[in-house]
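The values are calculated or read from the model by the stated rules, or taken from the named source; none is laboratory data. Everything quoted here is computed from the prediction, not taken from an experiment. Here the Cβ positions follow ideal geometry from the backbone for every residue, glycine too, while neighbour counts run over all protein chains shown.
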Amino acid sequence: MGLKTRAAAILKLIFWALLIYFCLVFLIPKWQSLQLSDRLTTLGASWLAAAAILMVVYYIYVFGLWVLLLRQLGARPKLSLAFRAYALSQLAKYMPGKIVSHGVRAAYTLEADVPPPVVSSSLVWEAMLTLGSAAFIALLTLFTQTSMAIHQASRWLVIAFALGSIAFAAVGSTRLLGSGWKRWVGLLQLRSRPLAAAGLFALYLCGWPIFGLCNWLLANSITSLSFSTLLPLTGALAVSWGLGYVSVFAPAGLGVREGVLYLFVLGIMDEGDAILYVALSRVLGFAVEVLLTAVWGLLSVTPIGGVSPEP
C-alpha cells in the first residue's frame, strides 16, 4: 500500500469516526430531546409533496444536462442507455470515495457506445460545471446579508475553485505534457466551442434556482418561511453542495453538506426545525435516487425502446 493510499484510508477513517461521534454526541440526543420524531407527523403534506415532485424534476434536469454535455463532446448515446448510466451511479455516491460513482457511470456509459475519451471528458466537465456554477452562486452570497459562517464557507469554495481553475488552465496551456491528455479531459472539444461551453454553464446555473425552490418548499413543510428566504437559501445550498463535492473523503458530501447548511438555516429556523430540515433534505434526495434506480430496474424487466434486461 502506497503512501497516498494510506493517507486516503486514514482520512476516511478519521471522517467516519468524527461522523459517528457527532451522531452519538449531538444528533441523536438532540433528536430525542427535541422530540423530532413526533414532528414528522405534523409536516405539511402539500408542501412536502410539491418538494418531492420538484426534486424529481431537478434530477431529470441534471440528467438532461449530462446528455447535452455528451452531445457537445461529440457522442450520441441512446437516452435509455444514458439513463441507465446516470441512474445506477446515484446510489454509488454513498460508497467511500468518488471513484465508485464515477466508475459506475463510466462503465455503463461505455456500454452505450460512447468513446472512452468522451466518457472521461464528460466526468471532468460535469465536475467543473457543477463546481463552477456553485462557486458563482457562492460568490454572489458574499454580497448578501447572510451569516458570517456562510460567508466564510463561500470564500473557501470560491478560492478553491479559482485555484483549481488557474492550475487547470496553466497545465492546459503548457506543451510539456503533449496534447493527448487534453483529448481525454475534453479541452480539445469544448475549447474550440466557447459558446457551447458558456451555454452549458448557464444551464447549470439555472439548476440551482430549481433546487433552491425545492428545498424552500421542503422547509415550508416544517415551518413557515417567507419568499424572501428563497435566494439566500439557494446560495447556502450551492455553497454546501460545492464544499461537499470537493470533500473527496465524504461519500456524497455526507456530513459536510449538512453541517454547512445547518449553520445557515439556524438564522431562519429554530434549532429543532433546522435539524429536521437538514435531515429531510438528505433523505428526500436519497429517496429520489432510490426511485431512479427502481425505475431503471422496472425498465430492465420490461424492455422499452430496445433496452434489454441485465444479464
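For the reader, a short list of remarks on this structure follows.
- Subset of region 102-119 [in contact (Cβ under 8 Å) with a residue 12 or more places away in the chain and within 18 Å of Y245 (Cβ to Cβ)]: H102, V104, R105, A106
- Here L43 meets the list (1) more than 26 Å from F168 (Cα to Cα); (2) under 18 Å from the mean Cα position of the chain (by Cα) almost entirely, failing just condition (2).
- Each residue in region 234-292 was checked for being closer than 18 Å to I137 by Cβ, crowded, with 22+ Cβ neighbours inside 10 Å and over 16 Å from the mean Cα position of the chain (by Cα), and 2 pass.
- Qualifying positions in region 65-78 - free of Cβ contacts under 8 Å to residues at least 24 places away in the same chain and assigned to a helix (DSSP H, G or I): V67, R71
Here's the yes/no breakdown for (1) without any contact (Cβ under 8 Å) to a residue 24 or more places away in the chain; (2) more than 17 Å from L48 (Cβ to Cβ):
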residue: L203; (1), (2): no, yes
residue: L213; (1), (2): no, no
residue: S221; (1), (2): no, no
residue: S226; (1), (2): yes, yes
residue: L243; (1), (2): no, yes
residue: G253; (1), (2): yes, yes
residue: I268; (1), (2): no, yes
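- Unique match (being touching a Gly at 6+ places or on another chain (Cβ under 9 Å) and within 28 Å of A236 (Cβ to Cβ)) among M95, M55: M55
- Residues located in region 206-228, provided they are in a helix (DSSP H, G or I) and surrounded by fewer than 18 Cβ atoms within 10 Å (Cβ to Cβ): C206, P209, I210, F227, S228
- Unique match (being in contact with a Phe, Trp or Tyr (Cβ under 6 Å, 6 or more places away or on another chain) and among the aliphatic types (A, V, I, L, M)) among A287, A238, A279: A238
- Some residue of region 79-86 being closer than 27 Å to A279 by Cβ, under 16 Å from the mean Cα position of the chain (by Cα) and buried (at least 20 other Cβ atoms within 10 Å of the Cβ): yes
This table checks each residue for (1) within 30 Å of R76 (Cβ to Cβ); (2) touching a Leu at 6+ places or on another chain (Cβ under 6 Å); (3) small (G, A, S).
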{"site": "A112", "(1), (2), (3)": "yes, yes, yes"}
{"site": "P116", "(1), (2), (3)": "yes, no, no"}
{"site": "S121", "(1), (2), (3)": "yes, yes, yes"}
{"site": "M128", "(1), (2), (3)": "yes, no, no"}
{"site": "A138", "(1), (2), (3)": "no, yes, yes"}
{"site": "T144", "(1), (2), (3)": "no, no, no"}
{"site": "M148", "(1), (2), (3)": "no, no, no"}
{"site": "S154", "(1), (2), (3)": "no, yes, yes"}
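- Between E258, E271, E289, the distinction of being of a type in the set (D, E, K, R) and modelled with pLDDT of 90 or more belongs to E289 only.
- Under the condition of being touching a residue at least 60 places away in the same chain (Cβ under 8 Å) and among the aromatic types (F, W, Y), the residues counted in region 120-152 number 2.
- Inter-residue pairs, beta-carbon under 8 Å, first closer than 16 Å to G212 by Cα and in region 272-283, second part of a helix (DSSP H, G or I) and of a type in the set (K, R), 6+ apart: R282/R257
- Filtering region 123-152 to residues that are under 12 Å from the mean Cα position of the chain (by Cα) and surrounded by fewer than 16 Cβ atoms within 10 Å (Cβ to Cβ) leaves only A127.
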